[in-house]
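A.B. asks: Can you keep this structure in mind? I'll have questions shortly.
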Amino acid sequence: MLAFIRHHGAECTGMISNFISHSEEETRAFAEKLGMNALPGAVFAITGGLGSGKTIMAKGIARGMGIHEEITSPTFTLMEIYEGTIPLYHFDLYRIENPGELDQLFFEEYWEGDGVSVIEWAEKAAGRLPAGRTAITIERTGETSRRIILERPGD
Ligand SMILES: Nc1ncnc2c1ncn2[C@@H]1O[C@H](COP(=O)(O)OP(=O)(O)OP(=O)(O)O)[C@@H](O)[C@H]1O
Ligand SMILES: [Mg+2]
């Protein structure tokens, strides 16, 4: 069959980095670099348990994008928009109980748009995330240490 769409670059998949952060500041600095280098349309899909540092990552990415507004951890909002040179769409999907709930929310419009999307609890949107995303997995390895893995899942 004829392919109408060819997605270049999607074949570059796999692990990008595996980093141990020893403090909140180190995580912020790491995230800031990601934000600084983020191109329009970038999607950061973050997975990690409660208090692992997902919001700290979001704050660092925002700072790297030149956004100085305080990024908060939304409790009752699923998404917050911050206007920067490139807009930041900050999602917190904690309250999503099954991916079907996302059907009416049209988040894909943002994830496929020209802003930078940062999604906390990205696993709650399993099967709905764009193939070109950068997956960030944070694992708590100690009181103040975290393993941060970046990957391009490509699916
Ligand atoms: N190396 C580290 N990197 C990031 N955060 C750290 C680190 N060490 C300690 N912390 C602490 O862990 C907490 C991370 O909180 P944060 O709100 O970012 O987590 P979260 O994953 O967003 O949680 P939630 O699931 O509730 O949204 C902060 O209190 C932070 O100070
Ligand atoms: Mg959070």
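The values are calculated or read from the model by the stated rules, or taken from the named source; none is laboratory data. As the structure is a computational prediction, the values presented were derived from the model and not from experiment. Counting neighbours? That spans all protein chains shown, and the Cβs are built from the backbone with ideal geometry, glycine included.
A.B. asks: Can you pull out the residues in region 54-74 that are more than 10 Å from ligand 1 (Cβ to nearest atom), closer than 17 Å to Glu25 by Cβ and either part of a helix (DSSP H, G or I) or modelled with pLDDT of 95 or more (or both)?
C.D. replies: Ile61, Ala62, Arg63, Gly64
A.B. asks: Exactly one of (1) under 17 Å from the mean Cα position of the chain (by Cα); (2) at pLDDT below 95; (3) surrounded by 14 or more Cβ atoms within 10 Å (Cβ to Cβ); (4) not hydrophobic (A, V, I, L, M, F, W, C) is unmet by Gly127. Its number?
C.D. replies: Only one criterion is unmet by Gly127, namely (3).
A.B. asks: Next up: Report yes if some residue within region 134-141 is on the phi < 0 side of the Ramachandran plot, surrounded by fewer than 17 Cβ atoms within 10 Å (Cβ to Cβ), in contact with a Pro (Cβ under 8 Å, 6 or more places away or on another chain) and charged (D, E, K, R); otherwise report no.
C.D. replies: No; the residues of region 134-141 include none that is on the phi < 0 side of the Ramachandran plot, surrounded by fewer than 17 Cβ atoms within 10 Å (Cβ to Cβ), in contact with a Pro (Cβ under 8 Å, 6 or more places away or on another chain) and charged (D, E, K, R).
A.B. asks: Hey, another quick one. Quick check, is Thr77 within 11 Å of ligand 1 (Cβ to nearest atom) and either at pLDDT below 95 or within 12 Å of the chain's Cα centre (by Cα) (or both)? Working first, answer last.
C.D. replies: Values: within 11 Å of ligand 1 (Cβ to nearest atom): no; either at pLDDT below 95 or within 12 Å of the chain's Cα centre (by Cα) (or both): yes.
Taking the combined requirement at face value, the residue does not satisfy it.
A.B. asks: Out of Ile46, Ile16, Ile56, which single residue is within 16 Å of ligand 2 (Cβ to nearest atom), in contact with a Lys or Arg (Cβ under 9 Å, 6 or more places away or on another chain) and under 13 Å from Thr137 (Cβ atoms)?
C.D. replies: Details: Ile16 fails: within 16 Å of ligand 2 (Cβ to nearest atom); Ile56 fails: under 13 Å from Thr137 (Cβ atoms).
None of the other options fit; the residue is Ile46.
A.B. asks: Check off (1) in contact with a helix residue (DSSP H, G or I) (Cβ under 6 Å, 6 or more places away or on another chain); (2) over 28 Å from His22 (Cα atoms); (3) surrounded by fewer than 16 Cβ atoms within 10 Å (Cβ to Cβ) for Ser73 and give me the number that stays unchecked.
C.D. replies: Among (1) in contact with a helix residue (DSSP H, G or I) (Cβ under 6 Å, 6 or more places away or on another chain); (2) over 28 Å from His22 (Cα atoms); (3) surrounded by fewer than 16 Cβ atoms within 10 Å (Cβ to Cβ), Ser73 violates only (2).
A.B. asks: Only one of Glu112, Glu143, Glu123 is free of Cβ contacts under 8 Å to residues at least 12 places away in the same chain and either touching a Gly at 6+ places or on another chain (Cβ under 8 Å) or farther than 16 Å from Ile16 by Cβ (or both); which? Even if it seems obvious, please write down each step before you answer.
C.D. replies: Working: Glu112 fails: free of Cβ contacts under 8 Å to residues at least 12 places away in the same chain; Glu123 fails: free of Cβ contacts under 8 Å to residues at least 12 places away in the same chain.
When all the criteria are applied, what remains is Glu143.
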